[in-house]
Amino acid sequence: MWAELGINFEMKQLLGYTLLSMLLVGCSQFKSSKSVSVLPANLLETVQAEESLLPDESTDLQKMASSASRNMLLGKWYGIRRMADGGQKEWLTERSADGTYRVDFRFLAADGNARSQSEVGFWGVSGDIYFRIFRGWVTIDGMKPADPTVAEHYDAYKIEGLDDEYFSYVHQTRGQEYTVKKMPGDFRLPVTVKSQETEPLTFSY
């Protein structure tokens, strides 16, 4: 057939090389386009494996510290402070495992007059920060809810020291430092029932 077309051997060889080159180029292009458009089947596993190597923001040490501090703060803690007018303020905070607290205050004026007040809310620990959310007052008629939009009803404290006997903490905004003592479960503050027509005041402790 090649003889009938008048094509010599050199021409046939050149034509064969050309056809072979075109075939190889076509195959390589097909292979290349396929690998770009199709993602490898193990891409998800590869990404997840890399993410698992990233450092965890909350280390086991931080979790253990928060958990230990929280357990130690459960129960009753007593504090007392002298006032500038010659009187004194006492408070007894009881923290429960469900994240609620109650604090009973007793104020003794310089003239001997005493009055009591009780507040309730939520509390917690994160790292070296102790925080509380004041939710209302305990009155003879029941609980009087506090306004949740008041910024002063949310407090954060830096834990300075904590053991089985004493707890020292500093208010993050005001810088006031407090030290309280762990008390037995049956400890109570003397209660002075005194009616007041105005809304009770809120006290930090």
* Hey, rough spin-label estimate for His171 and Asp111, points 7 angstrom out along Cα→Cβ, what's it come to in nanometres? -> 2.7
* What order, most packed first, do the peptides 91-103, 143-155 have when packing is the mean number of other Cβ atoms within 10 Å of each residue? -> 91-103, 143-155
* To do: Please quote Rg/Rh for region 92-184 to two decimal places, taking the Kirkwood radius as Rh and restricting both calculations to Cα atoms.
  => 0.98
* To do: Count the DSSP beta bridges whose two residues both fall in region 61-183, then state the antiparallel fraction as a percent rounded to the nearest 5.
  => 100
* Provide the gained length on full extension for the span Met143 to Ser96, in nm with one decimal, where the gain is 0.36 nm per separating residue minus the Cα-Cα distance. => 15.1 nm
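All of the numbers you see were taken from the coordinates with simple rules; none came from a lab. Note that this is a predicted model, so its numbers are computed, not measured. Cβ coordinates were reconstructed from backbone atoms using ideal geometry, including for glycine residues, and neighbour counts include every protein chain displayed.
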